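Step one of this worksheet: look at the structure below.
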Amino acid sequence: MDDHFYSYEPAKGHGLKHDPIASILGPRPIGWISTRSTDGHANLAPYSFFNVFSYQPPIVAFASVGWKDTIRNARDTGEFVVNLATRALAERVNLTSASVPSDIDEFDLAGLAPAPCLHVSAPRVAQSPVALECRVTHLQQLAGANGVKVETWIAFAEVVAVHIASELVRDGVYSTENARPILRAGGPADYFEIGPEALFQMHRPR
């Protein structure tokens, strides 16, 4: 073993205070996912296993570690909404991560207002500057290299409508830095904020 590297095999444990993989592959965008159950209960929860995977059509996905209300609602109704988690809303995002009974409305819990969507019945977060209305394309339970399934499910969905606060579109370009999104780091309680000071530009070679 090279003394300049800390090496380990995940199946045998990492031997550290906190699993480093989530820190290495981060910070990660947060999918603040709102859904509605088949009996009408609204649900809102953050998922940091989240990203976009296609331009046309735009395909996003989030992974749920454990069979939770959000993944169940996404399966049962075939839809969900991604709301942008921002620094201004960070504490409220955190409140919606609490494990509460299915009949508890996280919008009420976090003091958030639901807003109607154009094409899905799930509400979006009125205070969030960006929302993506999504229709589920498929769900998949993950498995290890040995074929044994694990308790993690991914919901893939097509974005069918987008809502962006007008002040975040400048000269026809969406301003990521001015939205100040928060991202999940790998530590027990670590997050990052994206702002203008973090921006640099680098054009691809022709």
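The values are calculated or read from the model by the stated rules, or taken from the named source; none is laboratory data. Not measured: the values here are computed from a predicted model. Cβ coordinates were reconstructed from backbone atoms using ideal geometry, including for glycine residues, and neighbour counts include every protein chain displayed.
Structural remarks
- Some residue of region 161-168 being more than 30 Å from residue 64 (Cβ to Cβ) and modelled with pLDDT of 95 or more: yes
- Among the residues of region 89-106, the ones that are more than 13 Å from residue 191 (Cβ to Cβ) and surrounded by fewer than 19 Cβ atoms within 10 Å (Cβ to Cβ) come to 9 in all.
- For region 63-116, the helices (runs of 4 or more DSSP H) that sit wholly inside it and include 2 or more residues that are over 21 Å from residue 192 (Cβ atoms), modelled with pLDDT of 95 or more and over 14 Å from the mean Cα position of the chain (by Cα) are 69-77, 106-109.
- Any hit, region 162-178, residues being in contact (Cβ under 8 Å) with a residue 40 or more places away in the chain and either among the hydrophobic types (A, V, I, L, M, F, W, C) or in contact with a helix residue (DSSP H, G or I) (Cβ under 9 Å, 6 or more places away or on another chain) (or both): no
- Within region 161-178, being part of a loop (DSSP other than H, G, I, E, B) and surrounded by 10 or more Cβ atoms within 10 Å (Cβ to Cβ) holds for 165, 175.
- Checking each residue in region 74-109 for being in contact with a Ser or Thr (Cβ under 6 Å, 6 or more places away or on another chain) and more than 21 Å from residue 38 (Cα to Cα) picks out only 84.
- Those residues of region 63-82 which are surrounded by fewer than 24 Cβ atoms within 10 Å (Cβ to Cβ) and of a type in the set (Phe, Trp, Tyr), in sequence order: 67
- Members of region 31-53 found to be out of contact with any helix residue (DSSP H, G or I) (no Cβ under 7 Å at 6 or more places or on another chain) and assigned to a loop (DSSP other than H, G, I, E, B), listed by number: 39, 40, 41, 48, 49
- Residue in region 8-23 that is part of a loop (DSSP other than H, G, I, E, B) and touching a strand residue (DSSP E or B) at 6+ places or on another chain (Cβ under 7 Å) present: no
- Among (1) free of Cβ contacts under 8 Å to residues at least 12 places away in the same chain; (2) of a type in the set (Gly, Ala, Ser); (3) touching a Lys or Arg at 6+ places or on another chain (Cβ under 8 Å), the one test that residue 22 misses: (1)
- Members of region 117-134 that are in contact (Cβ under 8 Å) with a residue 40 or more places away in the chain and closer than 28 Å to residue 194 by Cα: 117, 122, 123, 124, 125, 128, 129, 130, 131, 132, 133, 134
- Looking only at residues of region 179-194 that are in contact (Cβ under 8 Å) with a residue 24 or more places away in the chain and small (Gly, Ala, Ser), we find that the one that is surrounded by the fewest Cβ atoms within 10 Å (Cβ to Cβ) is 187.
- Residue match in region 184-192 (condition: modelled with pLDDT of 95 or more and either aliphatic (A, V, I, L, M) or not in a strand (DSSP E or B) (or both)): no
- Any hit, region 117-140, residues being in a helix (DSSP H, G or I) and either under 13 Å from the mean Cα position of the chain (by Cα) or among the basic types (Lys, Arg) (or both): no
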